[in-house]
Amino acid sequence: MSLFHFHVTQIKRSAGQSAVACAAYRAGEKLKSEYYGEVSDYTRKGGVVETGIMLPDYVPQNLSDRETLWNEVEKIEKGKKAQLAYSFDFALQNEFTMEENISLAKKFIKEQFVERGMIADYAIHSPETNGIANPHVHVLCPIRPIDKNGKWGNKQKRVYELDRNGDRETDHNGNYIFSAVPTTDWGKPETLEHWRSEWARMCNEKFEEKQIADKIDYRSYERQGV
């Protein structure tokens with residue numbers, strides 16, 4: 001039976017989470033966190049079919065190493081409550097072969113994440129429960145972008161309030177009034193809506209190509225009027 005599931009959360013230091021440990025778990029690897037001084041060993045974890053890291057062209061190639069990448073993220077994020085990464089998981093389809101699922105997932109990741117400037121660390125899992133396969137994808141993406149020069153950029157920028165003359169406005173203490181605005185659209189609800197709809201579209205096109213009558217819908221039952 002076809003299934004739609006596409007979920008995203010954040011990996012946060014405020015929740016006691018380590019980006020290195022999360023990456024190790026998803027990839028089924030042994031990685032050391034320099035920030036925490038801890039080793040996370042998930043090499044005995046089963047069900048991991050394929051892993052990889054996709055980079056935009058301008059990102060330094062050393063970040064294609066999983067331990068290097070996530071230790072760099074931990075290093076650049078100074079705050080004790082820092083938001084480290086977006087964590088995506090989305091369902092693959094049992095109606096497709098594993099090769100078809102892998103190809104579809106990687107195409108989606110490249111077009112929707114990497115081409116937006118995101119680094120994407122993916123892991124494709126296919127565990128079984130009571131003999132039923134549950135193929136799905138995990139993707140970790142640093143929240144902090146990398147600029148075209150290959151350097152870590154800013155998550156936010158200041159947008160100053162201007163008066164009618166175009167001068168910066170100040171508060172009663174003489175400080176400039178500004179808003180902190182994200183430098184990317186990755187965290188916007190509209191972007192998540194786009195990603196969810198695109199994944200559903202790609203799966204439905206594959207169903208049609210394989211002459212399978214199934215379809216998936218990214219909308220809730222309420223939004224579908226069901």
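Observations
- Largest first, the residues His125, His5 sort by 1.4 Å accessible area into His5, His125.
- Calculated SAXS-style log₁₀ I(q)/I(0) at q = 0.12, 0.13, 0.16, 0.18 Å⁻¹ - the range 142-226, Debye, Cα scatterers: -0.67, -0.72, -0.84, -0.91
- Between 0 and 90°, nearest 10: helix 66-76 axis offset from the chain longest Cα axis: 20
- Shown in residue order for the range 27-40 are the 3J(HN,Hα) couplings computed by the Karplus curve 6.51 cos²θ - 1.76 cosθ + 1.60 at θ = phi - 60°: 8, x, 10, 10, 10, 10, 8, 6, 5, 9, x, 10, 10, 10 Hz (x for Gly and Pro).
- Taking other residues whose beta carbon is less than 12 angstrom from the beta carbon of Trp199, and scoring Lys, Arg as +1 and Asp, Glu as -1, yields -2.
- Between the beta carbons of His7 and Asn62, assuming R0 = 41 Å, the FRET efficiency works out to 0.85 to the nearest 0.05.
- Modelled FRET efficiency - R0 30 Å, Gln211 with Val49, Cβ distances, 0.05 increments: 0.70
- Here the chain is treated with +1 on each Lys and Arg Cβ and -1 on each Asp and Glu Cβ, and its dipole about the Cα centre works out to around 600 debye.
- Its Cα centre serving as origin, the range 164-226 has a Cβ charge dipole (Lys and Arg +1, Asp and Glu -1) of approximately 80 debye.
- Over the chain, relative contact order from alpha-carbon pairs under 8 Å, at least 6 apart, %: 20
- Within the accessible surface of the range 82-138, defined with a 1.4 Å probe on protein heavy atoms only, the carbon and sulfur portion equals 47 percent.
- Dipole of the chain [Lys/Arg +1, Asp/Glu -1 at C-beta], most positive-end residue of Phe88, Tyr218, Gln17: Gln17
- Entries in Lys45/Lys78; Lys78/Lys106; Lys12/Lys210; Lys45/Lys157; Lys107/Lys155; Lys30/Lys210 that, when Cα-Cα distance is taken, lie over 29 Å: Lys45/Lys78; Lys78/Lys106; Lys12/Lys210; Lys45/Lys157; Lys30/Lys210
- The length gained on full extension between Asp89 and Lys30, counted as 0.36 nm times the residue separation minus their Cα-Cα distance, comes to 19.1 nm.
- Cα-centre dipole for the range 73-144 with unit charges at Cβ (Lys and Arg positive, Asp and Glu negative), debye to 20: 620
- Around Ile212: net Lys/Arg minus Asp/Glu count, Cβ-Cβ under 14 Å: -3
- Cα-Cα P(r), the chain, percent of pairs per 10 Å interval: 7, 28, 31, 20, 10, 4, 1
- Calculated P(r) of the range 37-142 - Cα pairs past 17 Å, %: 59
- Between 0 and 90°, nearest 10: helix 98-112 axis offset from the chain longest Cα axis: 20
- Note that the range 110-187 presents 61 Å² accessible area per residue, ligands and nucleic acids not counted, probe 1.4 Å.
- Ranked by the mean number of other Cβ atoms within 10 Å per residue, highest first, peptides 39-51, 81-93, 19-31 order as 19-31, 81-93, 39-51.
- Accessible-area value, Lys110, 1.4 Å probe, nucleic acids and ligands omitted, Å²: 110
The values are calculated or read from the model by the stated rules, or taken from the named source; none is laboratory data. Note that this is a predicted model, so its numbers are computed, not measured. Cβ: placed from backbone, ideal geometry, glycine included. Neighbour counts: every protein chain shown. Accessible surface areas use protein heavy atoms only, side chains included; no ligands, DNA or RNA. Shrake-Rupley method; radii C 1.70, N 1.55, O 1.52, S 1.80 Å.
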